[in-house]
Amino acid sequence: MPADDQPITAAECEVLFKDVRLPVALAVSGGPDSTALMQLIAIWAKAGERRGGVPADAAPVLVITVDHGLRSEAAAEAEWVSGQAVRLGFKHVTLRWTDPKPRTGIQEAAREARYRLILEHVGSEPLPQPRQVLLAHHLDDQAETVLMRLARGSGVDGLSGMREREVRLWLHLGHPVQERKVELLRPLLSIPKSRLIATLEALGAEYLQDPSNRDVRFERVRLRAAGDARAALGLTSDKLALAARRLASARDALERVQRELAHEAVDLHEGAWASIDAEKLVAAPPEVAMRLLQAVIGAFGGQPTGPDRSQVETLLEQLTVGNQKAVTLGGAVIRPGSKDPGLKDKARPAVAVYREPGRRPLPMCQLSPGEGVFWDRRFYVSASPELRSSVRVAPLGQGGFAQLKREYPALRKISIPAGAAVGLPSVWSEDRLLAVPYLSYAETALRGPIGAGNEPLISIRFATRHVHAIYGA
């Protein structure tokens, strides 16, 4: 293993970037870590002929800098990065975070904004799918992340640290709503920061220093300052990163088993509601059952984040002892004791999970021809350009469902909890109901307006990201 003061070699670049395909995007702030990544990619890209389709009018590397608008120097720093990128033959773009800034949690908010801006830009670039974005997180970053999560009492997922590869979905909200995969790659997680600095020094490359990296108000900065004390206790960055890799292996195994259980025990009913085979759920190892419950509740609750682990632990305990009382959690209703005709054995008890009606108002929005929306964080809704006028997307509601059952008696026989039907997306033109796509299999009149080629002019489907979270990609 090379010493911590040795520059990274071209041969090592071949290993570090083995999963990278050109064209690729890099997130570069101008600091030593991301500048080193940019220099290393330049060495790797020039080392030999790279295979893969590169558009004739595109540079092989797109360098992205995010100006958070938090420091007066940020714009000039972005210009500096642009100059460095162009000298390496790369394309550069600066993205600006112009939203109002929060009073607290500024680093977390800035990080989320950075990811959002990068994903939106890369998702719209004419690059092959899945698009790739390289991030410069290194071994010391990983160690600090593990310690921060340990202080919060994190479980296997948190203590496994940052993933070397994760897939995000970016939505193009037109008609139809398009999902584009973006891969976030962290190829430097095994490399200590000292080697990145040594690489820059060997290349004679300059880099910038962000003064916020010395601000002890931030937890990560305090952990960094305690590096010598940690090392004296044996909590070195390489040991912490090793623990994270081993826990990541356990996390991956648990995710595989959770998805196997999902395929055996869960029916998503096209996103209207979920039914879980109760006997298979409580017979599974608790860690696996909790993961499955978290994924299903997260998919149907319509909330930005899923329920806390402690809440799901309590829920699973109640289900295990046979508690048949319905509970609400994470924006969803969890109702044991249902009989689900979708299960192979129709007599087996099921746990129903669906969007909680009433407590939080479900969204209503106008949809113009050719537009799309991500409705209630559950469904993709889009209107064809052929649609003659705008429509309103709203929850069906209790009154709407009751009226439909009176008008269409066949709906009385469908197997959907009444509470789940209330929260279904429906499409209206003023006071006239046009479509409730989930119910159209029982009543074709609810399919909605049809265009040329017998294609529906309004499309509603359950978000693929939720299907992936439960069943796997």
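Among the residues here, residue 398 qualifies as of a type in the set (S, T, N, Q) and either touching a Gly at 6+ places or on another chain (Cβ under 9 Å) or touching a residue at least 12 places away in the same chain (Cβ under 8 Å) (or both).
Hey, any hits in the range 145-158 for a residue that's among the aliphatic types (A, V, I, L, M), surrounded by 15 or more Cβ atoms within 10 Å (Cβ to Cβ), out of contact with any Asp or Glu (no Cβ under 9 Å at 6 or more places or on another chain) and closer than 27 Å to residue 378 by Cβ? Within the range 145-158, not a single residue is among the aliphatic types (A, V, I, L, M), surrounded by 15 or more Cβ atoms within 10 Å (Cβ to Cβ), out of contact with any Asp or Glu (no Cβ under 9 Å at 6 or more places or on another chain) and closer than 27 Å to residue 378 by Cβ.
Among the residues of the range 106-136, just one is of a type outside the set (A, V, I, L, M, F, W, C), at pLDDT 90 or above and buried (at least 22 other Cβ atoms within 10 Å of the Cβ), namely 132. Answer yes or no: is there a residue in the range 377-391 that is surrounded by 15 or more Cβ atoms within 10 Å (Cβ to Cβ) and free of Cβ contacts under 8 Å to residues at least 60 places away in the same chain. No, every residue in the range 377-391 fails to be surrounded by 15 or more Cβ atoms within 10 Å (Cβ to Cβ) and free of Cβ contacts under 8 Å to residues at least 60 places away in the same chain. Applying the set (1) surrounded by fewer than 15 Cβ atoms within 10 Å (Cβ to Cβ); (2) part of a strand (DSSP E or B) to residue 460 leaves exactly one unmet item: (1). Among the residues in the range 360-376, are any in contact with a Pro (Cβ under 8 Å, 6 or more places away or on another chain), crowded, with 21+ Cβ neighbours inside 10 Å, modelled with pLDDT of 90 or more and among the charged types (D, E, K, R)? Yes, that holds for at least one residue. Taking the conditions (1) surrounded by fewer than 14 Cβ atoms within 10 Å (Cβ to Cβ); (2) under 22 Å from residue 398 (Cα atoms) in turn, residue 327 satisfies each one other than (1). Filtering the range 417-433 to residues that are crowded, with 19+ Cβ neighbours inside 10 Å and in a strand (DSSP E or B) leaves 425, 426, 427.
If only residues of the range 100-117 that are closer than 23 Å to residue 181 by Cα and in contact (Cβ under 8 Å) with a residue 12 or more places away in the chain are counted, the one that is nearest to the chain's Cα centre (by Cα) is 115. Would you point out the residue of the range 96-105, among those that are touching a His at 6+ places or on another chain (Cβ under 9 Å) and of a type outside the set (Phe, Trp, Tyr), that is modelled with the lowest pLDDT? Once the filter is applied, the top-ranked residue is 101. Criterion applied to 362, 387 was being within 24 Å of residue 470 (Cα to Cα), part of a loop (DSSP other than H, G, I, E, B) and of a type outside the set (S, T, N, Q), and the one residue passing it is 362.
Looking at (1) at pLDDT 85 or above; (2) in a loop (DSSP other than H, G, I, E, B); (3) not polar (S, T, N, Q), can you tell me which one residue 410 breaks? Among (1) at pLDDT 85 or above; (2) in a loop (DSSP other than H, G, I, E, B); (3) not polar (S, T, N, Q), the lone unmet condition for residue 410 is (2). For the range 315-340, the candidate set comprises residues that are part of a helix (DSSP H, G or I) and touching a strand residue (DSSP E or B) at 6+ places or on another chain (Cβ under 9 Å); within that set, the residue that is farthest from residue 261 (Cα to Cα) is 318. Here residue 465 fulfils each of the conditions (1) closer than 20 Å to residue 171 by Cβ; (2) in contact with a His (Cβ under 9 Å, 6 or more places away or on another chain) apart from (2). Which residue, of 419, 423, 399, is over 32 Å from the mean Cα position of the chain (by Cα) and either modelled with pLDDT of 90 or more or not basic (Lys, Arg) (or both)? Checking each option against the conditions leaves just 399. Scanning the range 155-211 for residues that are more than 30 Å from residue 384 (Cβ to Cβ), within 13 Å of the chain's Cα centre (by Cα) and not hydrophobic (A, V, I, L, M, F, W, C) gives 163, 165, 166, 183.
The values are calculated or read from the model by the stated rules, or taken from the named source; none is laboratory data. Predicted model only: the values in this text are computed from it and were never measured. Using ideal geometry, Cβ is built from the backbone for each residue, glycine included, and neighbour counts are taken over all protein chains shown.
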